[in-house]
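The structure appears right after this line, and notes come after that.
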Amino acid sequence: MESNQIVMFVIGTVTAIIGYFVKIVHNDVRKNTAENGKLRGRIDMVSQANDYKHQALQEMVQFEIKGLANNVSELSKTVEKLVNKIYEHN
């Protein structure tokens with residue numbers, strides 16, 4: 001009977017030790033999973049902010065291009081008038 005009790009004690013002790021380490025690993029995995037979720041949320045927020053900045057920059061560039069196109073158009077008309085005046089005087 002004593003050898004049976006010793007074997008049961010050893011099996012119980014080994015099971016307890018394995019359970020302890022499994023519990024530690026489980027807690028670490030759960031903690032890292034939660035941390036991963038938070039980091040993923042932050043990455044999404046940064047990505048969204050970058051998208052908004054990119055869109056704003058794109059709109060600003062388009063606005064500037066339209067302004068430049070208008071200026072080029074006015075400059076072209078002015079040059080045409082100047083060329084016409086030069087030909088009229090000659």
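Read-outs throughout are calculated quantities, based only on the coordinates presented, and are distinct from any laboratory measurement. What you see is a predicted model; the values in this text were computed from it and never measured. Cβ sites come from the backbone with ideal geometry, for glycine too, and all protein chains shown count toward neighbours.
Using a Gaussian network model of the chain with C-alpha springs under 10 Å, which one of Gly37, Gly12, Gly67 is most mobile by mean-square fluctuation? In this elastic network of the chain, the residue with the biggest mean-square fluctuation among Gly37, Gly12, Gly67 is Gly12.
Working note: Karplus 6.51/-1.76/1.60 with θ = phi - 60° gives the range 27-32 the couplings 5, 5, 5, 5, 4, 5 Hz, where Gly and Pro are set to x. Select one label from (1) 85, 9, 4; (2) 19, 15, 13; (3) 24, 12, 10: the one whose number is semi-axes √(5λ) of the Cα gyration tensor in Å as derived from the coordinates shown. Working out semi-axes √(5λ) of the Cα gyration tensor in Å from the coordinates points to (1). Shown in residue order for the range 3-16 are the 3J(HN,Hα) couplings computed by the Karplus curve 6.51 cos²θ - 1.76 cosθ + 1.60 at θ = phi - 60°: 5, 5, 5, 5, 4, 5, 5, 5, 4, x, 5, 4, 4, 5 Hz (x for Gly and Pro).
Here the chain is assigned +1 on the Cβ of each Lys and Arg and -1 on the Cβ of each Asp and Glu. Its dipole about the Cα centre then comes out at about 120 debye.
Projecting the Cα atoms of Phe21, Leu75, Thr33 onto the charge dipole of the range 9-90, computed from C-beta unit charges around the Cα centre, puts Phe21 farthest toward the positive end.
Dividing the summed helix terms, -39500 (n - 2.57) for each DSSP H run of n ≥ 4, by the number of residues in the chain produces a 222 nm estimate of -37500 deg cm²/dmol to the nearest 500. Mean-square fluctuations from a GNM of the chain, with a 10 angstrom spring cutoff on Cα atoms, peak among Leu75, Leu39, Leu57 at Leu75.
Could you name the lysines in cross-link range of Lys23, using Cα to Cα under 24 Å and dropping any fewer than eight places away on the same chain? Leaving aside lysines fewer than 8 places away in the same chain, those within reach of Lys23 are Lys31, Lys38.
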